[in-house]
Amino acid sequence: MSPVLAGVLQLTALVAALALAYRPLGDHMAAVYNSPRHLRVEKVIYRCIGADADAEMRWPAYLRGVLAFSAAGVLFLYLLQRVQGGLPLSLGFASISPDQAFNTAASFVANTNWQSYSGEQAMGHVVQTAGLAVQNFVSAATGMAVAIALVRGFARSRTGDLGNFWADLVRGTVRVLLPIAVVGALVLVACGALQNFSGIHEVGQFMGGSQQTGGGAVASQEVIKELGTNGGGYFNANSAHPFENPDAFTNLFEIFLILVIPFALTRTFGKLVGNVRQGYAVLATMGVIWLGFTALMMWSEFAHGGPALQAAGAAMEGKETRFGVGSSAIFSVATTLTSTGAVDSFHSSFTAFGGGIQLLGMMLGEIAPGGVGSGLYGMLIMAIIAVFIAGLMVGRTPEYLGKKIGTREIKLAACFILVTPALVLGFTAASMVLPDALASQLNTKALGAGAHGFSEVLYAFTSGANNNGSAFAGLNADTPWYNTTIGLAMLLGRFLPMVFVLALAGSLAEQKPIPETAGTLRTEKPLFAGLLVGTILIITGLTYFPALALGPLAEGLS
């Protein structure tokens, strides 16, 4: 079987699996967030944290819950790393330095999972399981809660209430993420992924000599890393490591885990607003962009062009032989079009145009299908911009799902889409003029920074501010400058947009629904889905094209 055919068959199997899971999972999540009942274990959690899960919250209170919980998570994870040297099961690792501990705490709480450290050489079992794995669950549940709050803003009328953050957080964790993670971990263990608390062992090598390797609760962290679109690897090689991702089947299974909740949330959205066709329109938009990017990436890598051909004679440079070009391309697009950041290959080793596709996928705002929760609310913000543009064309006040899109709503949507580009381009520009920051471009020192060096820096801040977490791997980001600035980009890129999303949700929930008329734009139709795709690509193109021209485009055309 040719590699191209193998890649196409894997993509077909993935689409079929996602289609089978779409309706039951989407309906389940709609029932979870609409349920009037609390499970017994949930009631225990509410008592422990002192929350009244039945109290409705307006958007300021909901936002305070999000920010307070996340701030507590950053502080706890920072302190846990700082005292690691005195903890049991630390495997002899020292405590983490202040700047790296801040970067890691910000990263995992912000659902970014950017790693400027080697997991198997820095983090003990307690930090990995009690710190990083826990944040993989709750940061994902936080994103889902914010998305549901925005959906309630469309669904509710003249109340201003968005539900209860603590109830949404706990339900998303207990009823959605945990059950799937348990089953997924069993699948990975059955296929060969590690799950233990062993220490560091000396093992022999095929060519003689030996090396050290450690164990850990790898499978349980791997599954929520993908399911929650987190991305932080137990090992430095991430999902390219055989202990995390043993074979071609687990590779496809992990891609499925990355995509299944973000896609299924469009069904949840349709059920909660009382019109599943609206969910299908959003799903179609996400699916067109995802399949288009996947096709472009596979074409780029199978064409064997760019630096990979020059360095290794084929596009296999930086890719695992047990996965191949096709599977690595599918994984790469899935992880950069969502806020996952997991990698089964070195993104820096992809062709120049392949690297540009990865960058552009993150620059879209990771909305096709995007992160768990963040993809849905990002896409709904873009839908508001699209109906505003359509309204300008016909001279009519824009409406979406029966709610008027007025001055306040457009200002909030505009602030949402401007935050991330400002962080990405601002920090990238600063890094390209500071000598210490330029010195981190390890593989371009001999030739000067060049287009690829610029791409490395641009990729790092694009990944951080968009809460992705993957890297080009040719940049030494473990420096005070990058640890601090990328940490700030991750926190601001995660929580500033949430401020605007919840403020928008509150504004919509206060409105009275507007009845449809003959002039109402039908947002469940293919025409609107096409307009939405064009809006996303044009906004991103106008914002980032100059930066892309200086990096991957310049490298690919040189």
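One table, with the values for the structure above:
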item: Scope segment 463-508; condition over 16 Å from PHE102 (Cα atoms) and modelled with pLDDT under 95; matching residues; result: SER463, ASN466, ASN468, SER470, ALA471, PHE472, ALA473, GLY474, LEU475, ASN476
item: Counted residues, segment 125-152 - those being among the small types (Gly, Ala, Ser), farther than 20 Å from ARG494 by Cβ and surrounded by 21 or more Cβ atoms within 10 Å (Cβ to Cβ); result: 0
item: Conditions (1) more than 25 Å from THR338 (Cα to Cα); (2) open to solvent by 10 Å² or more (accessible area, probe 1.4 Å); number of the one not met by SER116; result: (1)
item: Condition check for ARG64: in a helix (DSSP H, G or I) and either touching a strand residue (DSSP E or B) at 6+ places or on another chain (Cβ under 6 Å) or of a type in the set (Lys, Arg) (or both); result: yes
item: Any chance GLY493 is buried (at least 20 other Cβ atoms within 10 Å of the Cβ), within 19 Å of the chain's Cα centre (by Cα) and not aliphatic (A, V, I, L, M); result: yes
item: So LEU75, is it modelled with pLDDT of 95 or more, open to solvent by 60 Å² or more (accessible area, probe 1.4 Å), assigned to a helix (DSSP H, G or I) and within 19 Å of SER139 (Cα to Cα); result: yes
item: Segment 509-519: number of residues that are open to solvent by 10 Å² or more (accessible area, probe 1.4 Å) and either closer than 24 Å to GLY160 by Cβ or modelled with pLDDT of 90 or more (or both); result: 7
item: Selected residue (criterion: nearest to the chain's Cα centre (by Cα)) from residues of segment 46-59 that are surrounded by 13 or more Cβ atoms within 10 Å (Cβ to Cβ) and assigned to a helix (DSSP H, G or I); result: TRP59
item: Unique residue being in contact (Cβ under 8 Å) with a residue 40 or more places away in the chain, of a type outside the set (A, V, I, L, M, F, W, C), more than 25 Å from ASN111 (Cα to Cα) and open to solvent by 10 Å² or more (accessible area, probe 1.4 Å) when the list is GLY318, GLY324, GLY365; result: GLY324
item: Spans of helices (runs of 4 or more DSSP H) in segment 118-200 with at least 1 residues at pLDDT below 95, of a type outside the set (A, V, I, L, M, F, W, C) and over 20 Å from the mean Cα position of the chain (by Cα); result: 119-122
item: Sole exception among (1) part of a loop (DSSP other than H, G, I, E, B); (2) crowded, with 21+ Cβ neighbours inside 10 Å; (3) in contact (Cβ under 8 Å) with a residue 40 or more places away in the chain for ILE96, by number; result: (3)
item: Lone unmet requirement of (1) open to solvent by 10 Å² or more (accessible area, probe 1.4 Å); (2) under 24 Å from the mean Cα position of the chain (by Cα) for THR428; result: (1)
item: Residue within segment 419-426 that is in contact (Cβ under 8 Å) with a residue 24 or more places away in the chain and closer than 14 Å to TRP114 by Cβ present; result: yes
item: Given (1) open to solvent by less than 20 Å² (accessible area, probe 1.4 Å); (2) modelled with pLDDT under 95; (3) of a type outside the set (A, V, I, L, M), number of the condition GLY274 does not satisfy; result: (1)
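For (1) in a loop (DSSP other than H, G, I, E, B); (2) within 18 Å of PRO546 (Cβ to Cβ), each residue gets a yes or a no:
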residue: GLU366; (1), (2): yes, no
residue: PRO369; (1), (2): yes, no
residue: MET379; (1), (2): no, no
residue: ILE417; (1), (2): no, yes
residue: ASP436; (1), (2): no, no
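Here's the yes/no breakdown for (1) under 14 Å from the mean Cα position of the chain (by Cα); (2) open to solvent by 10 Å² or more (accessible area, probe 1.4 Å):
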site: ASN230; (1), (2): yes, no
site: SER239; (1), (2): no, no
site: PRO242; (1), (2): no, yes
site: ASN245; (1), (2): no, no
site: ASN251; (1), (2): no, no
site: LEU257; (1), (2): yes, no
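The values are calculated or read from the model by the stated rules, or taken from the named source; none is laboratory data. Since we're looking at a predicted model, the values are computed, not measured. Heads up, the Cβs are rebuilt from the backbone with ideal geometry, glycines too, and the neighbour counts pull from every protein chain shown. Side chains included, ligands, DNA and RNA excluded: accessible areas come from the protein's heavy atoms. Shrake-Rupley method; radii C 1.70, N 1.55, O 1.52, S 1.80 Å.
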